[in-house]
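This report concerns only the one structure given below.
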Amino acid sequence: MARGRFITFEGIEGCGKTTQLLLLASHLRHRGVTVVTTREPGGTPLGERVRNVLLDPQLSPRPLVELFLLEAARAQLVADVIAPALESGKFVLSDRFADSSLAYQGGARRLPRATVQGLNELACAGVVPDRTLIFDLDVELALGRARERPSTSADNRRFEDEVLAFHRAVAESYRGLALAEPARVAIVDAHGTPEEVHERTLAALAGVLP
Ligand SMILES: Nc1ncnc2c1ncn2[C@@H]1O[C@H](COP(=O)(O)OP(=O)(O)OP(=O)(O)O)[C@@H](O)[C@H]1O
Ligand SMILES: [Mg+2]
């Protein structure tokens with residue numbers, strides 16, 4: 001069977017990843033495409049437990065511990081969900097994936113890039129996104145959206161409560177990833193209405209969508 005397609009959604013908190021993933025999933029389903037959506041950290045029972053550990057404001061995992069936890073959840077997600085779906089020809093949309101570790105644990109937490117890259121490769125076992133979209137929005141605007149969003153509760157504030165400089169470092173690191181791999185990684189301007197951003201998302205997926 002034909003191998004499916006794998007699209008990942010990246011960017012700082014509140015930039016609109018989840019909103020755009022849901023819009024794209026519904027766009028594809030209307031066209032009869034079988035879509036699997038997932039998220040990181042999470043996406044499997046083990047991964048969702050790891051997510052709770054990572055986002056718990058009572059715990060303060062060191063940067064390297066944060067990376068190990070993320071990679072553990074990622075390895076499980078690739079093996080149990082993403083690789084099987086791609087092998088059966090499905091479209092997989094993931095809310096964050098390996099590039100998040102490069103931007104957060106590498107770029108912002110300053111772990112060596114080669115370490116993050118090496119663990120990403122181990123966890124991903126050869127699975128590479130066909131296209132990665134980075135939603136680019138002013139940091140203050142994005143964090144404002146994230147804080148106003150109804151689902152924001154104490155348990156997912158650990159990253160959102162990082163200082164502005166942290167989020168700027170993440171955003172900067174994401175831009176570097178797009179420059180380094182222009183064929184895979186596209187920056188999508190995330191200003192404007194969800195529908196406007198959706199149109200830009202479709203344009204950025206030229207050649208990947210059916
Ligand atoms: N284009 C937009 N214009 C205005 N508000 C938006 C837009 N896109 C998303 N929002 C709103 O902004 C908030 C954050 O969006 P969303 O949850 O999609 O971001 P996210 O990148 O998934 O954030 P997180 O990383 O924290 O999960 C939500 O309340 C959402 O409804
Ligand atoms: Mg989200």
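Of note:
- Here the label points at residue 164 and residue 189, each 7 Å from Cα along the C-beta direction, are separated by 2.3 nm in the simple model.
- P(r), alpha carbons of the chain - 5 Å bins starting at zero, rounded %: 1, 7, 15, 21, 22, 18, 11, 4, 1, 0
- FRET efficiency, residue 180 to residue 125 (Cβ-Cβ, R0 25 Å, nearest 0.05): 0.70
- Taking the chain and dividing mean pair separation by its residue count, relative contact order in percent (alpha carbons under 8 Å, at least six apart): 32
- Only helical runs count toward this figure. For the chain, summing -39,500 (n - 2.57) over DSSP H runs of n ≥ 4 and dividing by all residues gives -14500 deg cm²/dmol at 222 nm.
- Here the simple spin-label model places points 7 Å from the Cα toward Cβ, and for residue 114 and residue 29 these points are separated by 4.5 nm.
FYI, it's all coordinate maths here, none of it is from the lab. All values reported here derive from a predicted model rather than from experimental measurement. Neighbour counts are summed over all protein chains in view; Cβ atoms, including those assigned to glycine, are modelled from backbone coordinates with ideal geometry.
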